[in-house]
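What follows is one structure encoded as structure tokens, with my remarks underneath.
The values are calculated or read from the model by the stated rules, or taken from the named source; none is laboratory data. Note that this is a predicted model, so its numbers are computed, not measured. Note that we place each Cβ from the backbone using ideal geometry, even for glycine, and neighbour counts take in every protein chain shown. What goes into the accessible areas is simple: the full protein's heavy atoms, side chains included, and nothing from ligands, DNA or RNA. Shrake-Rupley method; radii C 1.70, N 1.55, O 1.52, S 1.80 Å.
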Amino acid sequence: MTEFRDNEMGETQPFAKAQPPVENEISEPINMEPPPRLTYYEIIYGILFDPVKTMQRIAQNPPLGATLIIVTLLSLAGLLADLYTSAHAAPAHIGLTTGLPLRQAMMLSEALRAAAPVLAVIGVIFYFVKWFFYSALLHLLAELYGGRGEAKTVFVIYGLASLPGVFLIPLKVLAALAVPAAATGIDTVGGFIVLIWGIVLLAIGLKEAHNFTTGKALLVIFTPVVAVIVLGLVSLAGLMSALASFMPHTW
């Protein structure tokens, strides 16, 4: 019994060998680089026919240079198409709609042909000014509504949202040459469809750029429109009130 106790007390329990500190496995570095830029074909085709995925990639790496080139070419083509149709369909179109004599209509067509380069330059400058200021306004409103995007991204998205207008160019030319009497109606219907299409693209783009819901994106888009309508109604009401104050009481 004593030997057992001596043996029991004499044997020391082996301590667990201290394990060397396990170094944390070094995880592979996360690649934070933006995805490669889209090609021109990917931008145009994607915006028109696969807008959600394309806007997601654009929001990650907005192609500013490519957008400037695409929108510039599109605006120039649209202006040239407008000037062409105005010059070639002006006599019949104006004569049918306003009753302008054929001689005066021909003179107007010649004036439009002569002024085409100047009108093209002015139109492009006006479009770029509008593009810059309106995209800045949309970005400001998006930030006020809690967005977290960048102004450059909104600038690119607003420019690319005008891409459906490419379908109006051949439509205007064909309508003016084939059915000049109905050219205005066809142009109006086509313009309305392109406008709705552009609003949808802009909403998708703002949603991806600012991590928005669709409702907030539409709210950003329509806030300036509602503000202009309200301002116009208030101004009209003020004008009518002012005119009423100057009218005789006997009226």
Accessible-area value, residue 53, 1.4 Å probe, nucleic acids and ligands omitted, Å²: 130
Region 164-222, accessible area per residue, ligands and nucleic acids excluded (1.4 Å, Å²): 50
Gain in span if fully extended, residue 119 to residue 145, counting 0.36 nm per residue against the direct Cα distance: 5.5 nm
DSSP-loop trypsin sites (Lys or Arg not before Pro) across region 131-198, with at most 15 other Cβ within 10 angstrom: 148
Residue 52 accessible area, 1.4 Å probe, all protein chains in place, Å² to nearest 10: 70
Pair residue 60, residue 181: separation of 7 Å Cα→Cβ label points (nm): 5.5
Of all accessible heavy-atom area on region 198-251, the percent that carbon and sulfur account for (1.4 Å): 79
